[in-house]
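What follows is a single structure, written as structure tokens, with notes after it.
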Amino acid sequence: MSNAKVQGLCKLANECLQLEQVKQAKELYDKAIEIEVDSTDAHLGLATIACLEGDLTTSAAHFIKLTLLQPQEARHFTNLGALYTKMQEYAKAVDVLRKAIQKDKRAAEAYFNLGIAQRKLKQSQMAISAYREATRLNPKLVEGFQNLANVYVDTGNFPMAIINFKKALELQPDFEKARVGLKRAEAAASASKQDANPFGRLVNTESKQLNSNIAVLRELSDAERYDDRHEVKHIAEEIERLSKGCLEFLKQKLEPAIIELQRTMAEGSQAQVSLADVSEEFHAAANQWAELRKAVKRKIVELRAHEELINAPDVSL
């Protein structure tokens with residue numbers, strides 16, 4: 001009975017919130033909490049209201065509660081990470097957002113917010129990686145391209161900044177920040193192409209800078225080094241688990257399906273089961289096998305991408 005009453009209160013509160021009747025909505029959510037202290041709908045509503053009112057600490061407290069009540073919901077960790085960023089607690093934000101990504105590898109918003117926090121921590125290369133993944137998962141994420149362009153400006157990589165500012169403007173032609181950013185990046189790129197040498201002649205410094213950075217690898221802090229090792233270990237364990245699953249599936253499912261298909265084809269009309277049924281089972285097993293292989297391949301690509309990030313040249317030098 002109480003659960004139905006809580007659901008009714010939360011439904012009314014949601015309607016009030018949509019009508020911008022914030023005070024009434026808060027009262028209804030509070031009543032729901034009094035009846036059911038672990039009501040996820042009520043905590044989410046109160047977290048939203050607190051954020052709207054600028055009470056970030058209270059909002060974060062509700063989202064922390066939500067991560068405990070629904071630990072597999074990546075969105076709660078993403079929202080909590082975004083709040084920590086607003087509270088300028090960037091290290092906490094990075095930690096929470098990485099947990100969100102572990103729970104949902106396709107959480108574009110988590111990668112986007114991770115990029116914001118990492119940029120604030122001066123982890124430019126990691127921020128680039130996060131924003132690139134966010135825009136890959138959500139190619140219409142305008143602010144993702146804008147923020148990625150800004151990090152490229154931070155590192156002095158003006159050609160890549162220009163590319164991403166243009167992508168943001170393609171998606172939103174009236175995006176003033178992207179238009180101004182593009183203009184400044186183009187000016188900076190033009191200025192960096194030529195520089196005077198000691199003899200008063202002009203030289204192209206763009207290629208010179210690129211060549212000089214090839215052997216200069218990104219310096220890692222102890223915290224970054226720990227995070228990198230932890231992430232590599234996690235990816236390697238996933239590859240091992242998926243590989244064992246592939247081998248097990250090959251022995252238990254795919255190989256028997258192939259043998260049964262061959263036997264049924266050899267027996268022809270004398271077979272006890274129809275060729276169509278056996279063929280369907282074989283195709284189902286083959287499709288499962290293909291999905292398992294794709295999962296392993298995705299993890300290997302992820303590992304290689306992480307290795308590329310670790311060995312990326314620090315173009316900000």
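When Ala32, Ala50 are screened for being under 28 Å from the mean Cα position of the chain (by Cα) and surrounded by 19 or more Cβ atoms within 10 Å (Cβ to Cβ), only Ala50 passes.
For the condition modelled with pLDDT of 85 or more, of a type in the set (S, T, N, Q) and loosely packed, with under 15 Cβ neighbours inside 10 Å, what is the one hit in Ser190, Ser207? Talk me through it step by step, then tell me what you get.
Details: Ser207 fails: modelled with pLDDT of 85 or more.
On inspection, the qualifying residue turns out to be Ser190.
The selection criterion, being surrounded by 12 or more Cβ atoms within 10 Å (Cβ to Cβ), closer than 23 Å to Lys299 by Cα and either at pLDDT below 70 or in contact with a helix residue (DSSP H, G or I) (Cβ under 6 Å, 6 or more places away or on another chain) (or both), does not hold for Ala271.
Report the residue count in the stretch 45-54 for those that are in contact (Cβ under 8 Å) with a residue 24 or more places away in the chain and assigned to a helix (DSSP H, G or I). Quick ask: steps written out before the conclusion?
Residues of the stretch 45-54 in contact (Cβ under 8 Å) with a residue 24 or more places away in the chain: 45, 47-49, 51-53.
Now drop any that are not assigned to a helix (DSSP H, G or I), which leaves 45, 47-49, 51-52.
Result for the stretch 45-54: 6.
Assess whether Tyr111 counts as being assigned to a helix (DSSP H, G or I) and over 16 Å from the mean Cα position of the chain (by Cα). Even if it seems obvious, please write down each step before you answer.
Numbers: assigned to a helix (DSSP H, G or I): yes; over 16 Å from the mean Cα position of the chain (by Cα): no.
Answer is no for this residue.
Each residue in the stretch 8-43 was checked for being free of Cβ contacts under 8 Å to residues at least 24 places away in the same chain, of a type outside the set (Ser, Thr, Tyr) and on the phi < 0 side of the Ramachandran plot, and 18 of them qualify.
From the list Thr85, Thr57, Thr135, pick out the single residue that is out of contact with any Pro (no Cβ under 9 Å at 6 or more places or on another chain), closer than 27 Å to Asp30 by Cβ, among the hydroxyl-bearing types (Ser, Thr, Tyr) and in a helix (DSSP H, G or I). Thr57 is the lone residue from the list that is out of contact with any Pro (no Cβ under 9 Å at 6 or more places or on another chain), closer than 27 Å to Asp30 by Cβ, among the hydroxyl-bearing types (Ser, Thr, Tyr) and in a helix (DSSP H, G or I).
Restricting attention to the stretch 274-298, which residues are in contact with a Leu (Cβ under 6 Å, 6 or more places away or on another chain), at pLDDT 70 or above and not aromatic (Phe, Trp, Tyr)? Before the answer, list the steps.
So in the stretch 274-298, the residues in contact with a Leu (Cβ under 6 Å, 6 or more places away or on another chain) come out as 278, 282, 285, 289, 295-296.
Then drop every residue that is not at pLDDT 70 or above, which leaves 282, 285, 289, 295-296.
Residues satisfying the conditions are Ala285, Ala295, Val296.
Check whether at least one residue in the stretch 12-19 is acidic (Asp, Glu) and under 23 Å from Leu80 (Cβ atoms), and report yes or no. No, the stretch 12-19 contains no residue that is acidic (Asp, Glu) and under 23 Å from Leu80 (Cβ atoms).
The values are calculated or read from the model by the stated rules, or taken from the named source; none is laboratory data. Remember, it's a predicted structure, so these values are computed and weren't measured experimentally. Heads up, the Cβs are rebuilt from the backbone with ideal geometry, glycines too, and the neighbour counts pull from every protein chain shown.
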